[in-house]
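Following: one structure in structure tokens, then a few remarks.
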Amino acid sequence: SAVLAGLITLIVKTVPRHHHGKPPPDNYTLALHKALMFFNAQRSGKLPKHNNVSWRGNSCLRDGKSDPGTTMKDLVGGYYDAGDAIKFNFPASFAMTMLSWSVIEYSAKYEAAGELNHVKEIIKWGTDYLLKTFNNSADTIDKIAAQVGVGDTSGGSTTPNDHYCWMRPEDIDYPRPVYECHSCSDLAAEMAAALAAASIVFKDNKAYSQKLVHGARTVFQFARDQRGRYSAGGSDPALFYNSSSYWDEFVWGGAWLYYATGNSSYLQLATHPKLAKHAGAFWGGPDYGVLSWDNKLAGAQVLLSRLRLFLSPGYPYEEILSGLIQLNHGRPQPLQYVVNAAFLAALYSDYLDAADTPGWYCGPNFYSTDVLREFAKTQMDYILGKNPRKMSYVVGFGNHYPKHVHHRGASIPKNKIRYNCKGGWKWRDSKKPNPNTLVGAMVAGPDKHDGFHDVRTNYNYTEPTLAGNAGLVAALVALSGDKSTRIDKNTIFSAVPPMFPTPPPPPAPWKP
């Protein structure tokens with residue numbers, strides 16, 4: 001029996017065991033790693049040592065200084081918007097707000113993917129720059145730097161600028177004017193949203209978080225006092241990122257400032273029916289439910305709905321917060337609108353799950369949380385390759401993706417040759433694939449017939465943007481990883497005081 005026991009022990013010890021390791025990462029997580037790299041490639045200024053994009057270097061180190069007409073002399077840093085080298089602060093602020101929102105809700109998923117520190121560093125690179133664009137230590141300001149660089153080439157202008165020239169950012173030698181604005185409510189309120197949202201992301205870094213909150217309060221006050229659109233007629237921003245109104249930014253910025261400060265005057269403003277009315281909440285039509293760099297209304301509605309679901313704020317907030325946005329009104333093209341809708345659908349589904357609510361009525365129709373999540377997945381799966389062209393619209397993801405991205409830095413080789421303004425045109429017009437891979441860039445996308453032309457000169461198909469990629473990152477992290485990893489219900493409320501403080505004493509008796 002001893003021999004038999006020994007034999008059994010020997011067999012048991014020598015039989016190979018199958019260890020169940022962690023399952024391989026899902027497509028959303030794989031794409032998330034890449035999508036975040038796009039922001040590293042878009043950095044302006046003096047790059048950190050670990051930027052990990054071999055073909056990029058320091059660039060535009062004289063932004064601000066080189067424009068004698070501006071009082072803001074240090075505007076180095078921030079992000080280039082798209083395939084050009086312009087720093088458009090309006091869509092860049094929206095991109096930072098979206099990234100911060102995704103971190104506040106899904107920090108555990110970023111942590112699981114090993115990307116939490118990376119995404120926080122991306123946000124800080126953006127907010128550090130935004131703090132340079134106004135006097136962030138003051139309580140009141142009278143101007144903001146809205147844009148660095150210009151792109152107007154209308155009327156056959158041949159003046160070298162960020163759209164006429166095709167150069168690596170590292171080689172730029174033409175002037176980069178600073179556009180300042182003195183009444184720009186939309187831009188200032190969006191910057192307030194970005195700084196306020198980031199203050200929650202960095203709440204463990206008390207000094208930085210307070211600096212962000214102070215900056216957010218200051219620019220929001222400026223937005224409310226000096227009414228006007230930042231992209232006034234005839235200005236350079238009007239050609240590229242023309243803002244249709246500032247009311248939606250008032251709702252959005254007010255909501256974020258409420259979460260960042262707990263000050264109920266911001267909540268009263270953000271939920272005021274007149275503001276919602278001006279922002280188009282009751283107009284209907286195909287556009288009002290589309291979250292984008294121009295229209296924040298749909299995002300603000302979802303953001304405020306979490307207050308209703310988790311804190312039961314009571315009247316009058318209960319009444320104004322009761323609607324579910326119609327996500328499927330989103331335009332199919334370009335892809336930036338799709339990713340934003342997918343993010344809102346996935347996030348709202350997670351809100352309902354966290355509130356143990358199986359779904360929600362939208363008019364007569366009931367939408368279960370699964371329907372919302374599936375909608376988000378179908379949209380993202382399309383972008384990652386499940387489409388009639390069997391192609392991924394995220395560069396570097398999958399085997400078949402755009403190779404001629406409309407992007408100056410990616411299309412010009414880093415070969416120690418400095419191509420001047422027009423010298424780079426040959427790379428713009430070349431039929432060859434880009435020598436540098438712009439990993440993680442989501443291109444503009446196909447047309448309404450699923451057609452797509454991978455040509456560098458057609459930016460309507462092949463140009464990526466900061467705002468588009470921020471929505472992509474947010475949607476990917478929402479769908480990534482283990483579904484049992486829920487949203488972070490509480491962090492966003494850390495500054496919010498109890499909703500039902502001691503009631504005030506009754507008023508004095510009325511005297512005729």
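The values are calculated or read from the model by the stated rules, or taken from the named source; none is laboratory data. Predicted model, so just to flag it, every value in this text is computed and none were measured. Virtual Cβ from ideal backbone geometry, glycine too; neighbours counted across all protein chains shown. Only protein heavy atoms, including side chains, enter the accessible area calculation; ligands, DNA and RNA are left aside. Shrake-Rupley method; radii C 1.70, N 1.55, O 1.52, S 1.80 Å.
List of remarks:
- Across region 27-48, the qualifying residues are those that are in a loop (DSSP other than H, G, I, E, B) and either at pLDDT below 95 or in contact with a Leu (Cβ under 8 Å, 6 or more places away or on another chain) (or both), and the one among them that is most open to solvent (accessible area, probe 1.4 Å) is LYS46.
- Residue ID - nearest to the chain's Cα centre (by Cα), chosen from residues in region 377-418 that are over 19 Å from LEU438 (Cα atoms) and open to solvent by less than 30 Å² (accessible area, probe 1.4 Å): MET380
- Breaking point among (1) modelled with pLDDT of 95 or more; (2) more than 17 Å from the chain's Cα centre (by Cα); (3) farther than 25 Å from ALA345 by Cβ, for GLU121: (2)
- Unique match (being out of contact with any Ser or Thr (no Cβ under 7 Å at 6 or more places or on another chain), outside any helix (DSSP H, G or I) and open to solvent by less than 60 Å² (accessible area, probe 1.4 Å)) among ASP67, ASP142, ASP81: ASP67
- Flag if ASN436 is out of contact with any Pro (no Cβ under 9 Å at 6 or more places or on another chain) and at pLDDT 95 or above: no
- Verdict on ASN51 being without any contact (Cβ under 8 Å) to a residue 24 or more places away in the chain, open to solvent by less than 40 Å² (accessible area, probe 1.4 Å) and closer than 30 Å to LYS416 by Cβ: yes
- Of the residues making up region 382-429, just one is closer than 18 Å to HIS449 by Cα, touching a residue at least 60 places away in the same chain (Cβ under 8 Å) and in a helix (DSSP H, G or I), namely ILE383.
A quick yes/no check of all residues on (1) open to solvent by less than 20 Å² (accessible area, probe 1.4 Å); (2) without any contact (Cβ under 8 Å) to a residue 12 or more places away in the chain; (3) closer than 26 Å to GLN147 by Cβ; (4) not in a loop (DSSP other than H, G, I, E, B):
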{"residue": "GLY228", "(1), (2), (3), (4)": "yes, no, yes, no"}
{"residue": "SER231", "(1), (2), (3), (4)": "yes, no, yes, no"}
{"residue": "LEU239", "(1), (2), (3), (4)": "no, no, yes, yes"}
{"residue": "SER244", "(1), (2), (3), (4)": "no, no, yes, no"}
{"residue": "ASP248", "(1), (2), (3), (4)": "yes, no, yes, yes"}
{"residue": "SER265", "(1), (2), (3), (4)": "no, yes, no, yes"}
{"residue": "LEU269", "(1), (2), (3), (4)": "no, no, no, yes"}
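- All conditions but one from (1) buried (at least 24 other Cβ atoms within 10 Å of the Cβ); (2) under 30 Å from ILE417 (Cα atoms) apply to ARG56; the one that does not is (1).
- Checked across region 216-224, the condition of being touching an Asp or Glu at 6+ places or on another chain (Cβ under 9 Å), part of a loop (DSSP other than H, G, I, E, B) and open to solvent by 60 Å² or more (accessible area, probe 1.4 Å) holds for no residue.
- Check on ASP454, among the charged types (D, E, K, R), open to solvent by less than 50 Å² (accessible area, probe 1.4 Å), part of a loop (DSSP other than H, G, I, E, B) and in contact with a Pro (Cβ under 6 Å, 6 or more places away or on another chain): yes
- Breaking point among (1) open to solvent by 20 Å² or more (accessible area, probe 1.4 Å); (2) closer than 30 Å to ASN458 by Cα; (3) in a loop (DSSP other than H, G, I, E, B); (4) not β-branched (Val, Ile, Thr), for TRP125: (3)
- Scanning region 303-342 for residues that are within 28 Å of GLY385 (Cα to Cα) and either surrounded by fewer than 21 Cβ atoms within 10 Å (Cβ to Cβ) or at pLDDT 60 or above (or both) yields a count of 15.
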